[in-house]
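The values are calculated or read from the model by the stated rules, or taken from the named source; none is laboratory data. Here the structure is a predicted model, which means the values were calculated and not measured. Here the Cβ positions follow ideal geometry from the backbone for every residue, glycine too, while neighbour counts run over all protein chains shown.
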Amino acid sequence: MPASLRTTVLDTTGKASFDDIYERPDPREYYARMSELDYRIPELAKPHFQQLIEDHHAATGIAAPTVLDIGCSYGVNAALLRLDVGMKDLVASYGTQSTAELVARDREVLAEGDLLPNVRFLGMDASGPALKYAQDAGFLHGIVHADLESADPTEEQRALLASADLVISTGCVGYVTDATLLRVARAHGGKLPWMAHFVLRMFSFEPIAAQLATLGYRTELAPGVFQQRRFASDDEQSGVLNTLEANGIDTEGLESDGWLYAQLYLSRPSPTLSIEQDMH
Ligand SMILES: C[S@@+](CC[C@H](N)C(=O)[O-])C[C@H]1O[C@@H](n2cnc3c(N)ncnc32)[C@H](O)[C@@H]1O
């Protein structure tokens, strides 16, 4: 159905709300809905996350890092990084099997061809069923079921978060703010994990970067813009265009053409630990 004919429920940010499909026992509905909208940010993010893991290895010597995916949902970023597949292959692989069959199939595929056997993947999400699927299927080695927007992690959750060497996210900033990212960054108490967040242009990363700077991070905006997905409806598009234009962001040739766009923010510990920000 063309986006112009569809009605969508918008969340408080003006984006279409997909809350109902994050809570299913397996990813079928999530992937079906996302593929209708050509959701592609995890695939576009994949080479950047691969590069980040390599750069982190080169800089720290850590060959077997722990990667934490915030707002990981059904473990899509871990699945794409660990398997030689793109979004379309991944989505097409979820057919009419039962959830148990899908879990067993995913475990088998991973056992046959894990591209990153030395990397430990953790996922954090507010959705219990999505996390359970990602862990049962073997995409994630550990999970944190939490909403850290309004509460500190439990001691057990903090210890798991503290083991992260790298933190990644797609489609999550906006749902989470500096409140969550600071709790994650502080979890260790000494080590600051490297971070790479793909953030829709309608959300400002500056307040988060400013908070991270107080902990000793330097944030860079990577070159380029990345298609996230098509707008779900005309209402969503006009709301997002208004938000962007009110923030002085030129949407010509980008959101005005029917796609939501994200940018990549890289936050790494500043070598000098000075409070310096490339972004400002
Ligand atoms: C748009 S989905 C993105 C999922 C996945 N990263 C991807 O790109 O396909 C947003 C995810 O953020 C999760 N989420 C929303 N609010 C959250 C919060 N406060 N803390 C952690 N996760 C949250 C949702 O449950 C959902 O799985």
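Couple of notes before you dig in:
- The listed residues are 137, 179, 146, 164, and the only one of them that is free of Cβ contacts under 8 Å to residues at least 60 places away in the same chain and touching a Leu at 6+ places or on another chain (Cβ under 8 Å) turns out to be 179.
Per-residue answers, yes or no, for (1) closer than 19 Å to residue 70 by Cα; (2) in contact (Cβ under 8 Å) with a residue 24 or more places away in the chain; (3) surrounded by 22 or more Cβ atoms within 10 Å (Cβ to Cβ); (4) among the aromatic types (Phe, Trp, Tyr):
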site	(1), (2), (3), (4)
196	yes, yes, yes, no
207	yes, yes, no, no
216	no, yes, no, no
219	yes, yes, yes, no
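- Only one of the numbered conditions (1) surrounded by 12 or more Cβ atoms within 10 Å (Cβ to Cβ); (2) within 16 Å of the ligand (Cβ to nearest atom) is violated by residue 20, and that is (1).
- Among the numbered conditions (1) within 13 Å of the ligand (Cβ to nearest atom); (2) at pLDDT 95 or above; (3) buried (at least 21 other Cβ atoms within 10 Å of the Cβ), the only one that residue 106 does not meet is (1).
- Residue 245 vs. criteria charged (D, E, K, R), out of contact with any Pro (no Cβ under 9 Å at 6 or more places or on another chain) and within 21 Å of residue 266 (Cα to Cα): no
- Taking region 171-280 and the helices (runs of 4 or more DSSP H) fully enclosed by it, no element has 3 or more residues that are of a type in the set (Phe, Trp, Tyr) and at negative phi.
- Some residue of region 224-240 being free of Cβ contacts under 8 Å to residues at least 12 places away in the same chain and not basic (Lys, Arg): yes
- Test: residue in region 54-70 that is within 12 Å of the ligand (Cβ to nearest atom), within 16 Å of the chain's Cα centre (by Cα) and in a helix (DSSP H, G or I): no
- Any hit, region 164-180, residues being in contact with a Pro (Cβ under 9 Å, 6 or more places away or on another chain), crowded, with 23+ Cβ neighbours inside 10 Å and closer than 15 Å to residue 13 by Cα: yes
- Top-ranked residue in region 109-152 [being of a type in the set (Asp, Glu) and assigned to a loop (DSSP other than H, G, I, E, B); ranked as farthest from the ligand (Cβ to nearest atom)]: 114
- Here residue 157 clears all of (1) over 18 Å from residue 193 (Cα atoms); (2) surrounded by fewer than 21 Cβ atoms within 10 Å (Cβ to Cβ); (3) within 13 Å of the ligand (Cβ to nearest atom) except the condition numbered (1).
- Per-region count, region 202-227, residues under 17 Å from residue 171 (Cα atoms) and in contact with a Ser or Thr (Cβ under 8 Å, 6 or more places away or on another chain): 4
- Within region 171-187, not a single residue is away from the ligand (no atom under 14 Å from the Cβ) and under 15 Å from the mean Cα position of the chain (by Cα).
- Search result, residues across region 30-45 that are of a type outside the set (Asp, Glu) and either in contact (Cβ under 8 Å) with a residue 40 or more places away in the chain or away from the ligand (no atom under 12 Å from the Cβ) (or both): 30, 31, 32, 34, 35, 37, 39, 40, 41, 42, 44, 45
- Residue that is within 16 Å of the ligand (Cβ to nearest atom), modelled with pLDDT of 95 or more and either surrounded by 12 or more Cβ atoms within 10 Å (Cβ to Cβ) or more than 20 Å from residue 33 (Cα to Cα) (or both), where the choices are 73, 93: 73
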